[in-house]
1. If Glu87 satisfies every condition in (1) within 14 Å of the chain's Cα centre (by Cα); (2) closer than 20 Å to Ala127 by Cα but one, which is the exception?
2. Going by the structure shown, is Arg33 of a type in the set (Lys, Arg) and loosely packed, with under 15 Cβ neighbours inside 10 Å?
3. Give me the pairs: first residue in region 109-133 and over 12 Å from Thr61 (Cβ atoms), second residue β-branched (Val, Ile, Thr) and in a helix (DSSP H, G or I), beta-carbon distance under 9 Å, and six or more apart or on different chains, which are they?
4. For region 112-133, give me each residue that is loosely packed, with under 15 Cβ neighbours inside 10 Å and in a loop (DSSP other than H, G, I, E, B).
5. Return only the number of the condition from (1) part of a helix (DSSP H, G or I); (2) under 20 Å from Asp131 (Cα atoms); (3) among the small types (Gly, Ala, Ser) that Gly12 does not satisfy.
6. Tell me yes or no: at least one residue of region 53-61 is surrounded by 14 or more Cβ atoms within 10 Å (Cβ to Cβ), in contact with a Ser or Thr (Cβ under 6 Å, 6 or more places away or on another chain) and not β-branched (Val, Ile, Thr).
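Derivation of every value follows stated rules applied to the coordinates shown; laboratory data play no part. Worth saying up front: this structure is predicted, and the values here are computed from it rather than measured. Counting neighbours? That spans all protein chains shown, and the Cβs are built from the backbone with ideal geometry, glycine included.
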Amino acid sequence: MQAIPGVVNPLGVDVFDTSGYAPLHEVRSEEHRDALAADMRQRGWQGPPVVVLPDYTVSLTGVHRRSAAEQADLEEVPGVSLEDLFEACELDMWELVNSDEEYIMAASFNNFVRLINDHLPEEVIEAYGLDMH
């Protein structure tokens, strides 16, 4: 995927099209999604790419942005791999997961919140919208 104007990617990791990836949960605020879609129709994608698990074709972030992009008829949904973010921070995500029983159990449910909070720098969490709750 070519660099897309408006995509915030401070670590410079590979950005790729994640159209068709499953969201982690349903849209919880149609009003928020609709406002994003209206903005995307005018300005295109703005902000961080969605963070995904490519091997599972699931998005960990960006439920509303993903749905808004569809509604706005954007051709692509920019995304980055969670594993690539860890690697850019000189961390091996799967080595960390396999080092802790709680991480292993959480990962089996696509729950990487504690792993992210325990190991990624705060500025990376903030820049890529990984402040999941």
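1. (1)
2. In short, no.
3. Close Cβ pairs satisfying both conditions: Leu115/Val97; Asn117/Ile125; Val124/Ile116.
4. Pro121, Asp131, Met132, His133
5. Looking at each condition in turn, Gly12 falls short on (1).
6. Yes - at least one qualifying residue is present in region 53-61.
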